[in-house]
Amino acid sequence: MNVTVKCTNVECLTTMDVPFVVGSVYPSIGALCAVCNRGMLVITKILTPGIQTNHLMKSQEPIMPEPQMDSVQTIEDEHYLGGPNVLTAFQNRISPLIVILQLMKEHGENEGKIHFQELRRLFIETSTHIFKHLNDKVESFMNVKRGQKLSDGFPPVSKEGPLRIVLKNVIGIDEERIFHDRGLLQSLGLIKVIGGTHLQLTERAQVFTDLPHIHQYLTTITHLETVSTNPVLPEYYGEYLALSILEALFSVAADQKAWALHILHQMASCDGADVTGWDSNYYACEATLKAANGEVHPRWIHQSGMPLYEKHLAQGRRQEKHSPEDHACYRLENHINGKLGSLLSLFKELGLVKPISIGNTKNYSITDRGMRVLKDNSEVIV
């Protein structure tokens, strides 16, 4: 028989088939991936013995039954609340969202109405200012590396690609038009489109516009304490402001709240939480395997009501992929890892977790501030 194993490291994802043949030597393969030397090799598929054809042994995959939607088991318990409306991989900082809303309130007409091109100009100018201050006067002196920098969320005018990504995924605009129902601010109902050329604040945005002036704060700080030293993660916000920002986000994004509390709970309850931290490399793989076995969490269901695994499986069959099942697992695992990476960036930004370097692997440990978030929201996670 053949056993398929896959590396859990999202930057590697090496896949290999390991044959088990009667009379041969037992395969020599360790648990650690030899390609990246970081991820662990987990079994993703076991194929039944082949059948004899023309004196050659050819592997025979088991026949997979067509998915039946009524047989899909939806996981729902106290640690798995919430649905699919969570921040994407391109929406991995909350500070730019607040800055944009506060720019609209400061420079817009009554109720924050502003032409989208004027808002675009103002954000590019402000983003460049914040980036230069944080990167040049704070982070470089602290030796903060990419991935831990808040300045990553504020591309300067010289970085056209990242700027386009922020404008499209946070506001839903480019230099020529507004994309209706696109961008985090629109999807959360914090802004609305007026006449195809203007954007206006809604009442829901007030929880963010009433916060302290984030642009001013981020461009006046000169020294920050550290949340962790290996790698270096600055404490960008004091506890009161950080928790105020998180409370504002939770008040307008129920699914994001459930997702955040679920992962914080995973960190708090894992083995060795205080020493080695939580290894995030396994999460997406395990959630994908559950989905492939029919255990579907509401978070991983498409807006059409179809589980994402089944959607990608059907796509793989339409495209006549060699293995539609592998295609579905690959697509779903990448999707989950993107959402998880976005969430971890938010946690670091607000000081809820600290990264821990374990060899070539980066684990995460929940901070006292993160534990306070769990304690203050015990009615959601029990």
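Laboratory data are not the source of any read-out in this text; all were calculated from the coordinates shown. Since the model is a prediction, treat every value here as computed from it, not as a measurement. Here the Cβ is made from the backbone with ideal geometry for all residues, glycine too, and neighbour counts use every protein chain on show.
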A correct fewest-to-most ranking of Lys348, Lys375, Lys321 by other Cβ atoms within 10 Å would be Lys375, Lys321, Lys348
Set Lys105/Lys159; Lys105/Lys132; Lys6/Lys348; Lys105/Lys375; Lys113/Lys145; Lys132/Lys362, cut-off 30 Å on Cα-Cα distance; pairs above it are Lys105/Lys375; Lys113/Lys145
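Residues with beta-carbon under 12 Å from that of Val86, excluding Val86: net charge, scoring Lys, Arg +1 and Asp, Glu -1?
Values: positive: Lys257, Arg299, Lys339; negative: Asp255.
Combined, the nearby Lys, Arg, Asp and Glu give +2.
Please order Ile165, Ile171 by the number of other Cβ within 10 Å, starting at the fewest. It would help to have the intermediate numbers written out before the result.
Numbers: Ile165 14, Ile171 25.
So the residues, fewest neighbours to most, are Ile165, Ile171.
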Proxy exposure order for Asp136, Asp255, Asp271 (fewest C-beta within 10 Å first) is Asp271, Asp136, Asp255
The summed charge of the Asn135 Cβ neighbourhood (under 13 Å; Lys/Arg +1, Asp/Glu -1) stands at +3
Taking only the alpha-carbon atoms of region 92-223, the convex hull volume per residue, in cubic angstrom, is 98 Å³
Going residue by residue through region 245-257, the Karplus relation 6.51 cos²θ - 1.76 cosθ + 1.60 with θ = phi - 60° gives ³J(HN,Hα) values, rounded to whole Hz and with x marking Gly or Pro, of 5, 5, 4, 4, 5, 4, 6, 10, 9, 4, 5, 5, 4
In terms of the alpha carbon gyration tensor, root eigenvalues a ≥ b ≥ c, rounded if a/c is under 1.5 and otherwise prolate when a/b exceeds b/c or oblate, region 149-219 is oblate
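Lys113 to Val252: extension gain in nm, 0.36 nm per residue of separation minus the Cα-Cα distance? Let's see the in-between values first.
Values: separation 139, 0.36 × 139 = 50.04 nm, distance 2.04 nm.
The Lys113-Val252 span can extend by a further 48.0 nm.
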Counting Lys and Arg as +1 and Asp and Glu as -1 over every other residue whose Cβ sits under 12 Å from the Cβ of Ile173, the net charge comes to +2
